[in-house]
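Here's the structure, in structure tokens; my notes come after.
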């Protein structure tokens, strides 16, 4: 009888250890997967930024608020704009057949489009908190959304007609910092897609990082934020981006929580030199 009790205790203890080891292995696997997703997202943002020609120092005040006031549907639900910049979007094979500019409504704009073989695109990265209503689709604490406004769509290129934000208001004809969109009307050329889920909570107590002199901070938490070198004519801008994941999630279907501080995900950091520059004169 005693031996049976002892055997039961030993077996129960071994089973407990096996279950704990399996849970630890699963947690570490999820942590690795989440950090890998963060690295991929960071690489995507960095590649996107390198193609920029102008980065806004204050995305909320400089461009997100004007778009919202003009009637454009931006990501809501407490979404915070962290990065906003202009980049050239090359014409691909689908856009190879452009109209005869002599018949276009705006001949000068059409000729400029043919000469550049590219058009302008405004890119805004938002950090949006996930809620119970997002369960089943977005399960992390927050997610990053890539929102774009393009100067042309595939349909409008056939007539070289700019989308409504740009009508008679091209950023090429003025300083990017002072560009403001026309009233929304219809919304061709806008697009909103989720880049990555399982980003750390934007209400993190650490707040946005402290930036070096000459840089301005963007974002309200260390989960996704940036230090942006203030724009200056003839100088390439420099952007430092921070990103931190959280494998535990908000609507957590994976039932995974960091079991110690040592297993929490570190903050990723990358520094990007923007290739585009406005008003630069050769030496």
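If a residue must be under 20 Å from the mean Cα position of the chain (by Cα) and surrounded by fewer than 24 Cβ atoms within 10 Å (Cβ to Cβ), how many such residues does region 115-129 contain? Can you show your working first?
Taking region 115-129 first, the residues under 20 Å from the mean Cα position of the chain (by Cα) are 120-129.
Of the ones still in play, those that are also surrounded by fewer than 24 Cβ atoms within 10 Å (Cβ to Cβ) are 120-121, 123, 128-129.
Within region 115-129, residues that are under 20 Å from the mean Cα position of the chain (by Cα) and surrounded by fewer than 24 Cβ atoms within 10 Å (Cβ to Cβ) number 5.
For residues that are farther than 19 Å from residue 122 by Cα and modelled with pLDDT under 90, scanning just region 36-78, find the one that is surrounded by the most Cβ atoms within 10 Å (Cβ to Cβ).
78
Which pairs have Cβ atoms under 6 Å, sit 6 or more apart or on different chains, and link a residue in region 36-65 that is on the phi > 0 side of the Ramachandran plot and in a helix (DSSP H, G or I) to one that is surrounded by fewer than 19 Cβ atoms within 10 Å (Cβ to Cβ) and modelled with pLDDT of 95 or more?
none
The values are calculated or read from the model by the stated rules, or taken from the named source; none is laboratory data. This one's a predicted model, so the numbers in the text were calculated from it and none came from an experiment. Virtual Cβ from ideal backbone geometry, glycine too; neighbours counted across all protein chains shown.
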